[in-house]
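Below is one structure, written out as structure tokens; comments come after it.
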Amino acid sequence: MATSDKKAIVVGAGLVGALLTILLARRGYQVEVFERRGDMRGVGFKGGRSINLAMSTRGWKAIDKAGIRKKIEANAIAMKGRMMHNLDGSLNFQPYGKTGQAIYSVSRGGLNLELIEIADTFDNVQLHFHQKCTQVALDEGELHFEDGKTGATNVHDAPLIFGADGAFSAIRSAMQRKSRFNYSQHYLDYGYKELTIPASANGGFQMEQHALHIWPRGKFMLIALPNPDGSFTCTLFLPYEGEDSFEHLHTDTEILAFFQKYFPDAIPMMPDLLEDFYQNPTASLVTIRCNPWQYQHRVLLLGDASHAIVPFYGQGMNSGFEDCTILDGLMEQHGADWPTIMDAFSESRPKDADAIADLALRNFVEMRDLVADPQFLLRKKIAAHLHQQHPDAFLPLYSMVTFSHIPYSQALAEGKAQDQLFEQILALENIETNWQHNPKLDSIFQHWLASKKQLATV
Ligand code: FAD
């Protein structure tokens, strides 16, 4: 690609689009970004609710690439484990990984704003806000935009087009109409609603700040992530229909009775519970998969546009950021040879996106139900023990996903192999009291390891 052709359009200046823009600009591309919303630097993201996300190892790597770790870290809160809130009000802390390992609560708006500000420092980046992509002519590489303020329409083209326009991507929509494009979307029967635990009167945290709080209640759950201002953003995940569900929560009495029954320790910390409940929407949870992610070596999908997942592993943004890291690595390797880059990316990445989609669905059951199950807790303890004893041979699934760069598909496969291992271990007699120095456990583990090695060499 000649230098004069190093032009790209990025649709969507959300988390992934803004980061991608920085990485493209660094590599000398002339980037035009079109974003449907207004410029958050002008309107501010603070007017609304404080929404946070859990950032983990894969996300941090991309943040490092953008050179903004220090800025983001300054307002990030380390969450070293899960704090379980039992029905009787008792608390139980479960560390996420080894000492020193944590996931980080970061502000979605703050992070997006920071990324947009950095993108705007490049002379070769032009940001266009209030520009909704309404029509896509894929073969011509032509995009139509409507100005949200004036209603005017305009057309732009570029040799490279990146669809980072989220789960309901206009670019993907156009690709869906092309032959041999696979697509699926699946909604959970659950919705979610954001609620708030404000800071205490003296501005402090009302609960432990270095934890992700969970109220697991079997079929549903409430979670809370800390914010730097002392508040917590809570999310209630609940079925749309059924006995305990959103369809039965319409009046003050119904809502308060439900919270009194299931989350009694949270009520005194939520003075605006009713107001929040009525004001904040009940939103849906979707998994979107598609393949291929590229069209004619000219158009590429990234982030939620190609793989929207449910939020229970805290990996949606992290995996979108990992898309950017991988794409940047391919640009490093292949220069501007986009046919090679797009083929490599589109070939390797969807299976990892598929795997994290599956893992996220599976983690919902773990968070809302299993975390309170003694068998599950025992497995966690034994897994941590095995990792301590054999750090190179055994890494718990959660750590592979959250604290490593191991491809998600590999982590999922390893997780399934670990399920088989634990089926045998947990069947051992008196294992609940006798797992630390248990020759039978050691023998099962060694046998499992050997059979894995054998498989690897076949
Ligand atoms: P988006 O953030 O959706 O950005 C897309 C952008 O494109 C938006 O700015 C939008 O305005 C713009 N756009 C859309 N259509 C058009 C158009 N036609 N024309 C122009 N612009 C357009 N992930 C984590 O890693 N950790 C978490 O803890 C976590 N928690 C979550 C909790 C919840 C409740 C939910 C729903 C998600 C969570 N996620 C989490 C997932 C994360 O929010 C997404 O994966 C991430 O926002 C995807 O970024 P994106 O840039 O691909 O898409």
Equivalent ellipsoid semi-axes for the range 308-388, as square roots of 5 times the alpha carbon gyration tensor eigenvalues: give them largest first, rounded to whole Å. 35, 15, 9
What whole number of Å gives the distance from the Cα centroid of the range 95-137 to the Cα centroid of the range 296-334? 13
Taking Cα atoms, the helix 15-26 axis meets the longest principal axis of the chain at an angle in degrees (rounded to 10) of 50
Over the Cα atoms of the range 127-286, what Rg and Dmax result, in angstrom? 21.6, 61
Roughly how many whole Å is it from the C-alpha centroid of the range 161-196 to that of the range 385-434? 32
What are the extents of the Cα atoms of the range 341-433 along their three principal axes, in Å, largest first? 53, 30, 20
In what sequence, highest mean first, do 326-332, 390-396 appear when ranked by Cβ atoms within 10 angstrom? 326-332, 390-396
If each DSSP helix of 4+ residues adds -39,500 (n - 2.57) and the sum is divided by the residues in the chain, what number results at 222 nm, nearest 500 deg cm²/dmol? -12500 deg cm²/dmol
Charge tally in the Cβ shell below 12 Å around A8, where Lys, Arg are +1 and Asp, Glu are -1, A8 excluded: +1
Residue pairs, from the table K80/K453; K65/K453; K61/K98, whose Cα atoms sit over 27 Å apart: K80/K453; K65/K453
Can you tell me the orientation of helix 439-457 relative to the chain, as the angle in degrees between its alpha-carbon axis and the longest Cα principal axis, to the nearest 10? 30
In what sequence, highest mean first, do 156-168, 246-258 appear when ranked by Cβ atoms within 10 angstrom? 156-168, 246-258
Per-selection Kirkwood Rh - the range 355-407 (Cα, Å, 1 d.p.): 12.1
Nearest 10 degrees, 0 to 90: what angle lies between the long axis of helix 108-119 and the longest principal axis of the chain (Cα atoms)? 30
The chain - convex hull of alpha carbons, volume per residue in Å³: 169
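Read the figures in this text as sums done on the coordinates, not as results from a lab. Everything quoted here is computed from the prediction, not taken from an experiment. Backbone-built Cβ (ideal geometry, glycine too); neighbour counts: all protein chains shown.
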